[in-house]
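I have placed the structure first, in the form of structure tokens, so that the comments after it can refer back to it.
Where a number appears in this text, it was derived from the coordinates with a stated rule and is not lab data. Note that the structure is a prediction, hence the values are computed from the model and not measured. Neighbour counts are summed over all protein chains in view; Cβ atoms, including those assigned to glycine, are modelled from backbone coordinates with ideal geometry.
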Amino acid sequence: MKKIALVTGATSGIGEATALGLAKAGYDLIITGRRDALLSELKERIEKIDECKVLTLCFDVRIEQEVNNHLQSLPEEWSKIDLLVNNAGLAVGLSPVNDGVIDDWERMIDTNIKGLLYVTRALVPHMISNGKGHIINIGSIAGKSVYPNGNVYCATKYAVDALSKGMSMDLVNHNIKVSQVCPGAVETEFSIVRFKGDKERADNVYKGFQPLSATDVADAIVFIATAPDHVNISDMVIMPKAQASPVQIYKKL
């Protein structure tokens, strides 16, 4: 029987690439996100890979009732989830705390922390009942070192770091592995979302060096997911060669 992986935030970027990578590694997929049309397109692409089965669930991880409605009533054939990839997350705005936009703060806190918790809380009891499981949380180097104007985003990713460590302690006796992947600069929709659709400003973030691609990060996630059962890669930091820290990138401009 094929293993089942659930990937949140699968409509683009790291989530999309991870879903495709896990399908190639032999998983059947539950893919979630807020954009139904993109989920349907991804489903078609995945189903062409080695007869993979795909279930799409369109909901917002920020809304607890939506999470529970979808994840606590899974069809029987999809209920034994082996792998959860908590990928859904975002950065919004880049302002000092004194100029912070409260709505931006709430979107980041609700998605990056509370959304991760809602999904995990809904699925972990099933993993415990199944006697096994693996959770991979997508953190960030912003959860390892803060940077100017990144205040609340960094705080949410520090929370993911702490939650990953805490989950590992809580779940180790249930035969559940917990891992974290912390990427540096990755060229996805990340900066477009952060700058609220300002594509020119977003493009400038990645000029002068080669950032990571979503596939680079997905390859790392698949590597962690397919490690031998007795091996847990608990924390991985992955950055482009040109990046030494959140604020130090060597650019050839």
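Taking amide H positions as modeled 1.01 Å from N, with prolines and chain starts lacking one, the residues under 5 Å from residue 136 and 5 or more places away or on another chain are 84, 85, 86, 179. Here's the picture: a label point sits 7 Å out from the Cα of residue 209 along the beta-carbon direction, and within the range 234-253 the residues with their amide nitrogen under 18 Å of it are 237-253. What FRET efficiency, computed as 1/(1 + (r/R0)^6) with R0 = 30 Å and r the Cβ-Cβ distance, is obtained for residue 175 and residue 50, rounded to the nearest 0.05? E(calc), rounded to 0.05, equals 0.65. For the chain, relative contact order (Cα pairs under 8 Å, six or more residues apart, normalised by length) works out to 19 percent. Extending 7 Å from the Cα toward the beta-carbon at both residue 233 and residue 68 defines two label points whose distance is 3.6 nm. The smallest convex shape that holds all Cα atoms of the range 124-218, its convex hull, gives 118 Å³ per residue. Pairs with C-alpha atoms separated by more than 19 Å, drawn from the list 2/165; 80/132; 207/241; 199/252; 3/53, are 2/165; 199/252. With θ taken as phi - 60° and the Karplus curve 6.51 cos²θ - 1.76 cosθ + 1.60 applied, the whole-hertz 3J(HN,Hα) list for the range 83-96 is 9, 10, 10, 7, 9, 4, x, 6, 10, 10, x, 8, 10, x Hz, x standing for glycine and proline. When peptides 189-197, 81-89 are ranked by their average number of other Cβ atoms within 10 Å per residue, the highest-first order is 81-89, 189-197.
Counting only Cβ charges, +1 for Lys and Arg and -1 for Asp and Glu, the dipole size of the range 103-253 around its Cα centre is about 220 debye.
Amide H contacts of residue 90: 112, each under 5 Å away and 5 or more positions distant or on a separate chain (H built 1.01 Å from N in the peptide plane; Pro and chain starts excluded).
Under 12 Å from a label point set 7 Å out along the Cα-to-Cβ vector of residue 34, the amide N atoms of the range 180-203 belong to 193-194. Each residue, residue 41 and residue 248, gets one label point 7 Å from its Cα in the Cβ direction; the gap between the two is 3.9 nm.
Span-like helix criteria (full DSSP H runs; alpha carbon extent of at least 24 Å along the helix axis; mean Kyte-Doolittle hydropathy of at least 0.0) are satisfied in the chain by 151-171. Ordering 184, 32, 125 by Cα displacement along the dipole of the range 4-249 toward the positive end leaves 184 in first place; charges were set at the Cβ atoms of Lys, Arg (+1) and Asp, Glu (-1). Charge dipole of the chain (Cα centre as origin; +1 on each Lys and Arg Cβ, -1 on each Asp and Glu Cβ, all else neutral): 560 debye, rounded to the nearest 20. Most simply put, the range 4-249 has about 5% antiparallel DSSP beta bridges, counting only bridges with both residues inside it.
Over the residues of the chain, the helix contribution to mean residue ellipticity at 222 nm works out to -12000 deg cm²/dmol, using -39500 (n - 2.57) for each DSSP H run of at least 4. Mind jotting down the distance between the C-alpha centroids of the range 221-253 and the range 147-204, whole Å? A separation of 12 Å, based on Cα centres.
How high is the FRET efficiency between residue 79 and residue 117 when r is their beta carbon distance and R₀ equals 22 Å, given to the nearest 0.05? FRET efficiency, residue 79 to residue 117: 0.60. Around the amide H of residue 237, modelled in the peptide plane, lie the amide H atoms of 182, all under 5 Å away and 5 or more residues distant in sequence or on another chain.
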